[in-house]
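Colleague: Sharing a structure, written as structure tokens. Questions coming.
The values are calculated or read from the model by the stated rules, or taken from the named source; none is laboratory data. Please read all numbers here as calculations on a predicted model, not as lab measurements. With ideal geometry, Cβ positions are generated from the backbone for all residues, glycine too; neighbour counts draw on all protein chains shown. These accessible areas exclude ligands, DNA and RNA; they are computed on the full protein's heavy atoms, side chains included. Shrake-Rupley method; radii C 1.70, N 1.55, O 1.52, S 1.80 Å.
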Amino acid sequence: MKKQTTQQRNDQDYRLLALAAARSDGRAWALLSSDIVKETLGLSTLQAARLFTRLLREQRIQRLQRGLYLVPSSPPPGKRWVPSSYEALWAYMGWLKATWQIAGYAAFTRHGFSTQVVQRMTVFNDKLSGEETVGGSRFVFVKLPQEKLGFTQTYPMAGGIEIVFSSRLRSLFDAVAEAKRFATLPEAYGWFWGLRQNPLEVAELKQICLAIGNSQTAARIGFVLEKIGFDASELLPKIGSAETLVPLVPMSQGARKGTTNKRWRVIENVSLSKIFDSQEIADEDE
């Protein structure tokens with residue numbers, strides 16, 4: 001094949017942007033497959049491959065996965081273009097027809113539990129697992145059964161999209177239930193301090209625990225809720241009749257050492273009083 005002239009490349013670029021504009025539904029980008037581009041622009045497989053390779057190298061488009069691209073609907077300033085992490089995720093999850101929600105530290109930070117800067121967003125979903133680069137951003141996908149998803153809050157974002165996060169109380173639940181994944185204990189127990197004057201939030205947290213929690217999570221959450229002054233007895237049946245003792249902070253040195261609470265079959269291997277005292281001092285300093 002003859003080497004393309006500058007005019008030919010510019011013509012292909014122009015027609016690709018025009019196609020993106022026509023399919024953007026008013027957004028600043030469109031999701032295009034290589035098959036659609038070949039068919040609409042009348043390109044061979046080799047021509048399309050060269051077009052995508054060149055534009056990816058120049059960072060003028062972004063790839064969601066092989067054969068699937070985000071293309072701006074108008075030439076961006078300086079030509080280089082990177083969609084936001086939210087835009088890339090929204091487009092990809094929509095294409096997968098996935099049920100999904102952003103969880104972990106992106107959710108903890110959004111709800112004010114943490115100030116940690118998130119490098120890779122964790123996404124609970126029903127389609128895929130593993131770490132992937134999507135549209136230039138890194139994500140950790142965690143596949144869960146449908147019944148383990150839910151309890152979410154949706155936020156409008158720039159570009160006419162809506163992003164689904166785990167709700168504030170679902171995030172607090174996850175900080176205990178998924179502590180091994182997020183390394184949130186014992187820090188997360190301090191976050192419970194903010195519930196002490198919010199019985200409606202406590203009721204929602206117990207509802208979440210009853211719906212999707214296991215016996216160990218129910219034991220830890222029930223014990224902590226009673227420590228801050230709430231009755232959590234409805235969680236006791238979730239524990240069942242097992243006699244195994246549950247440390248408040250698993251996977252730690254001295255996990256089996258501490259005061260034992262027979263009601264919740266919990267080993268208080270960290271001092272909740274000290275955690276709450278530290279949280280109270282922090283609240284007073286704000």
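Colleague: Quick one: helix 6-22 against the long Cα principal axis of the chain, what's the angle to the nearest 10°, folded into 0 to 90?
Modeller: Once rounded, one gets 50 degrees.
Colleague: Per residue, how much accessible surface does segment 78-234 expose to a 1.4 Å probe? Answer in Å², no decimals. Display every interim value, and only then the final one.
Modeller: Numbers: 6860 Å² over 157 residues.
Result: 44 Å² per residue.
Colleague: Between Lys38 and Glu131, what is the FRET efficiency for a Förster distance of 22 Å, r being their Cβ-Cβ separation, to the nearest 0.05? Write out the running numbers ahead of the final one.
Modeller: Working: r = 30 Å, r/R0 = 1.38.
Plugging the Cβ-Cβ distance into 1/(1 + (r/R0)^6) gives 0.15.
Colleague: Using 0.36 nm times the number of residues separating Ser241 and Asn198, minus their current alpha carbon distance, what extension gain do you get?
Modeller: Full extension of this stretch gives 12.4 nm more.
Colleague: Follow-up. Over segment 51-104, what lengths in whole Å, largest first, do the semi-axes of the equivalent ellipsoid take, defined as the square roots of 5 times the eigenvalues of the alpha-carbon gyration tensor? Show your work: numbers first, answer last.
Modeller: Values: eigenvalues 107, 34, 15 Å².
Gyration-tensor ellipsoid for segment 51-104: 23, 13, 9 Å.
Colleague: Taking θ = phi - 60°, what integer Hz values does the Karplus form 6.51 cos²θ - 1.76 cosθ + 1.60 yield along segment 232-242, in sequence order, with x for Gly and Pro?
Modeller: Each residue's phi maps through the Karplus curve to give 10, 4, 5, 8, 4, x, 5, 6, x, 9, 4 Hz.
Colleague: May I ask you to give the percent of accessible area on the chain that is carbon plus sulfur, with a probe radius of 1.4 Å? Walk me through the numbers before you get to the answer.
Modeller: On the way: 7200 of 14920 Å².
The value for the chain is 48 percent carbon and sulfur by accessible area.
Colleague: Work out Dmax and Rg for segment 142-286 from the C-alpha atoms and quote the Rg first, both in angstrom.
Modeller: Considering segment 142-286 through its Cα atoms, Rg and Dmax are 16.0, 53 Å.
Colleague: Would you kindly give the portion of the calculated P(r) for the chain that falls above 31 Å, as a percent of all Cα pairs?
Modeller: Numbers: 17428 of 40755 pairs.
Of all Cα-Cα pairs in the chain, 43 percent lie more than 31 Å apart.
Colleague: For segment 12-73, what relative contact order do you get, as a whole percent, if you take Cα pairs closer than 8 Å and at least 6 residues apart? Numbers along the way, then the final one.
Modeller: Details: 77 pairs, mean separation 27.1, N = 62.
Computed value for segment 12-73: 44 percent relative contact order.
Colleague: Points 7 angstrom from Cα along the Cβ direction at Leu46 and Thr5: gap in nanometres?
Modeller: 2.0
Colleague: Now, a different point. Could you calculate the FRET efficiency of Thr115 with Tyr155 from 1/(1 + (r/R0)^6), where r is the beta carbon distance between them and R0 is 25 Å, rounded to 0.05? Please list the in-between numbers first.
Modeller: Working: r = 18 Å, r/R0 = 0.73.
Calculated transfer efficiency: 0.85.
Colleague: In segment 1-123, if every C-alpha pair distance is counted and binned at 5 Å from zero, what percent goes to each bin?
Modeller: 2, 10, 19, 21, 16, 12, 9, 6, 4, 2, 1, 0
Colleague: Any idea what angle helix 168-177 forms with the longest principal axis of the chain, computed on alpha-carbon atoms, 0 to 90 degrees, nearest 10?
Modeller: Between the helix axis and the principal axis of the chain, the angle is about 70 degrees.
Colleague: May I pose another question? If we count every other residue with Cβ under 11 angstrom of Pro186's Cβ, Lys/Arg +1 and Asp/Glu -1, where does the sum land? Intermediate results must be reported in sequence, preceding the final value.
Modeller: Working: positive: Arg220, Lys274; negative: Glu187, Glu268.
It works out to a net charge of 0.
Colleague: Could you work out the helix-only [θ] at 222 nm for the chain, with each DSSP H run of four or more residues adding -39,500 (n - 2.57) and the total divided by the number of residues, to the nearest 500 deg cm²/dmol?
Modeller: Details: 12 runs with 120 residues, N = 286.
Rounded to the nearest 500, it is -12500 deg cm²/dmol.
Colleague: Then there's this: Let me understand segment 205-264 better: what is its radius of gyration from the alpha carbons, and its Dmax, in angstrom?
Modeller: 11.4, 32
Colleague: Let me ask you something else. Measure nothing fancy, just the Cα-based angle from helix 199-212's long axis to the longest principal axis of the chain, in degrees from 0 to 90, nearest 10.
Modeller: In the chain, helix 199-212 runs at an angle near 70 degrees to the longest axis.
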